[in-house]
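Everything on this sheet refers to the single structure shown next.
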Amino acid sequence: MALESKDVIILAVESSCDETAAAVVKNGRHVLSSVISSQIDIHTVFGGVVPEIASRKHIENIDYVIKKAMDDAEMAFEDLTAVAVTYGPGLVGALLVGLAEAKALAYAVNKPLIGVHHIEGHICANYIEDINFEPPYVALVVSGGHSHLLHVKGYGDYEIMGRTRDDAVGEAYDKVARAIGMGYPGGPKIDAAAKEGNPDAIVFPRVYLEEDSFDFSFSGIKSAVLNYLNKARMTGEPINVNDVAAGFQEAVVEVLVEKTIRAARARGVEKVAMAGGVSANSSLRKRMLEKCSENGFSLNVPSPVYCTDNAAMIGSAAYFEYVKGVRDGLNLNANPNLKLGDR
Ligand code: KG4
Ligand code: ZN
């Protein structure tokens, strides 16, 4: 591969949950390779991610995934500028596998190490496909473990406007899916079932909290769905799972879109972005685009494959840290509760 001497080539590793991923990214925006080895089939048997199994599978897969990423990018280790890795938040055992691997590699090939915050990675997925996209903007970050509304003022410069006070959106999707017998991971299954259901057949509560709050709460709607199911089962009423999925999704999407638009208005930005696994949701993407257009905001959303966990987003985030001069030592540790903005 022909490289310019000023090109920044980063090998990124991601292992915070149930995907073992590696990618090679050029200058933060050009994905030269992206390899994702999913463990979903294994965890589906247990109805959710089993941390011990996740760590073991990461160990089995990581060498292969990194080698494939390097081969697909037609790169040798000497071509790299740096090695990046997610060091939090996530499952501690899972994070440690990627971190130990990245440290060993960085040491062996004598390249700098850059630790990346997983959510910062999700946000930076927006820089990959639209190479002209840049801050400032308001971002809705919705994943299995996080739900945040952020004002992204610059690269790596975030104001947290709101966050969930209880369950993350993806967690609510996964729990509701389990309750209606759809299995793990629930998001894509509810997304598909909702297309066959009537979103107005069952009206679940919309939780907006205080009038000026950008926080979220999803435990109430999750409980409302569980109560509806229990009541129907006790009284022997038939349950139309497609209608339940559609009603649940309608309520969640309405709140996510409404609060994002309010946040964008409040900060006076022109651009809105979404990130994280739930931003792969077809209804959320469609509704957010409609409302952004109505209100004069542009909308940026990564392709579904860059919404869910991947390493290309980590390579992008690492680039913006690298150009700011951030380097980590080999004493970098996994931090399962790492907060956005902490270093
Ligand atoms: O970002 P992600 O891959 O991992 C975390 O960082 O948590 O997000 C995973 C979450 C899961 O809860 C999954 O059910 C949800 O994203 N998800 C979806 C969809 N695809 C994945 N939720 C709703 N609709 C989807 N199409
Ligand atoms: Zn994630």
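What longest range of the chain stays clear of loop-exposed GluC sites (Glu not before Pro) (DSSP non-H/G/I/E/B, at most 13 other C-beta within 10 angstrom)?
On the way: sites that count: E4, E74, E210, E211, E270.
In the chain, the maximal stretch lacking such sites is 75-209.
Which of K26/K324; K67/K324; K26/K271 have a Cα-Cα distance over 18 Å? Please report the intermediate quantities before stating the final value.
On the way: K26/K324 16 Å; K67/K324 28 Å; K26/K271 25 Å.
In this structure, K67/K324; K26/K271 exceed 18 Å between Cα atoms.
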Select from I66, I314, I53 the residue whose mean-square fluctuation is largest in a Gaussian network model of the chain (Cα-Cα springs shorter than 10 Å).
-> I53
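What does the C-alpha gyration tensor say about the overall shape of region 136-302? Classify as rounded when a/c is under 1.5, otherwise prolate if a/b is larger than b/c, or oblate. Don't jump to the answer; show the numbers that get you there.
Details: a/c = 2.11, a/b = 1.96, b/c = 1.08.
In terms of gyration-tensor shape, prolate.
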Taking the chain and dividing mean pair separation by its residue count, relative contact order in percent (alpha carbons under 8 Å, at least six apart) = 24 percent
Please work out the ratio of the alpha-carbon Rg of region 242-326 to 2.2 N^0.38 Å and round it to two decimals.
-> 1.27
If H30, H146, H58 are ordered by their accessible area, calculated over protein heavy atoms with a 1.4 Å probe, which sequence runs from highest to lowest?
-> H30, H146, H58
For the chain, what log10 I(q)/I(0) values come out of the Debye formula at q = 0.08 1/Å, with one point per alpha carbon and no solvent?
-> -0.38
Could you give the Stokes-Einstein D for region 1-75 in µm² per second, using the C-alpha Kirkwood radius, 37 °C, 0.692 mPa s?
-> 247 µm²/s
Cleavage-rule hits, trypsin sites (Lys or Arg not before Pro), region 194-296, DSSP coil, Cβ neighbours within 10 Å at most 15 | R206
Where does helix 219-235 land angle-wise versus the long Cα axis of the chain, in degrees 0 to 90, nearest 10?
-> 50 degrees
Those lysines that a straight Cα-Cα span of less than 26 Å connects to K195, excepting residues fewer than 8 apart in one chain | K175, K222, K231, K259, K286, K291
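Counting other Cβ atoms within 10 Å of each Cβ, which chymotrypsin sites (Phe, Trp or Tyr not before Pro) in region 1-89 have at most 15 and sit in a DSSP loop? Let's see the in-between values first.
Values: sites: F46, Y64, F77, Y87; in loops: F46.
Of the chymotrypsin sites (Phe, Trp or Tyr not before Pro), the ones in loops of region 1-89 whose Cβ has at most 15 other Cβ atoms within 10 Å are F46.
The values are calculated or read from the model by the stated rules, or taken from the named source; none is laboratory data. Bear in mind that the values here come from a model prediction, so they are computed numbers and not experimental data. A quick note on method: Cβ atoms are made from the backbone with ideal geometry, for glycine too, and the neighbour counts reach across all protein chains shown. Ligands, DNA and RNA are stripped out before the accessible areas are found, and what is left, the full protein with its side chains, is counted by its heavy atoms. Shrake-Rupley method; radii C 1.70, N 1.55, O 1.52, S 1.80 Å.
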